[in-house]
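Below is one structure, written out as structure tokens; the observations come after it.
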Amino acid sequence: MLGTRFKAATRAQLRSRSTPPSGASPEAIWHQFYDTQTYTDNSTTRLQFFQTTNVDATITNMPAAGQLPDPQWLSIYNITLDFLNAGPTGNSTIAITGQLNDLSLLLMVGRPTWTLTISDKRYGPYSLSSLHGTGAPTGNVSAGGGAANDVTAQYGHNALNPGWNYNGTLIIPPKTNFTIEVNWAAAQDTTGDVKLRMSLFGILSRRVL
């Protein structure tokens, strides 16, 4: 579950929080920074996230490459990872390939790790399987065929209960380089290239306009 604990506030507290005492005081909002990189089938062993910008906001919403502009501060709570697969994939039962197998390869078999680096200070490496997803369609997929050409269909996504939470103890200051790097022990033979979306959820403090 994304988010953090909270308590009900009085009207006076809400009024105080929504009206900073001066123009120099920041506002604080719950925010998601995300970045998407492509795992290339049978090739990739290392990916770096949050190092680039893109005019396509469905790929990344980073305002600057590798850092936050001044004056923005992010107190990190959840770190999540989504596998942006296409629809369900089908295959012959002779070779058990498909989405679920791909996730197994990329999360477990390849022994992947992730490392957060803020201003040359490293946090990790930790197992990639500790990062869960933000959400995905759920349901059943059925498939059929004759005895000679029976077909299976696989439909998989990362677990939906984000498993890594810094609870706001890590803060990314403005104009400070940061990245999350994912490393695999070896390149994995997936059914095709797979897009991975890494997200940082937390409290973003920024200028009040």
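Taken together, the values in this text are just the output of simple stated rules run on the coordinates, not laboratory data. Keep in mind it's a predicted model, so treat the numbers as computed, not measured. Please note: Cβ atoms are built from the backbone with ideal geometry, for glycine as well, and neighbour counts cover all protein chains shown.
Can you tally the net charge around residue 83? Count Lys and Arg as +1, Asp and Glu as -1, for every other residue whose Cβ sits under 11 Å from the Cβ of residue 83.
So the surrounding residues net to 0.
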* Asked: What full-extension length gain, to one decimal in nm, is calculated for residue 185 and residue 203 as 0.36 nm per residue of separation minus the Cα-Cα distance?
  -> 3.1 nm
* Which of the lysines could a cross-linker span from residue 121 if the Cα-Cα distance has to be under 29 Å and same-chain partners fewer than 8 positions apart are dropped? -> 175, 195
* Arranged from highest to lowest average of other beta-carbon atoms within 10 Å per residue, in what order do the peptides 51-62, 112-123 appear? -> 112-123, 51-62
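In the neighborhood of residue 102, defined by Cβ-to-Cβ distances under 11 Å, what is the net charge if each Lys or Arg adds +1 and each Asp or Glu adds -1?
Details: positive: none; negative: 41, 189, 193.
Net of charged neighbours comes to -3.
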* **Per-pair calculated FRET efficiency, R0 = 45 Å: residue 70 and residue 41 via Cβ, rounded to 0.05** => 0.65
* To do: Report the calculated FRET efficiency for residue 14 and residue 171 (r = Cβ-Cβ distance, R0 = 25 Å), to the nearest 0.05.
  => 0.55
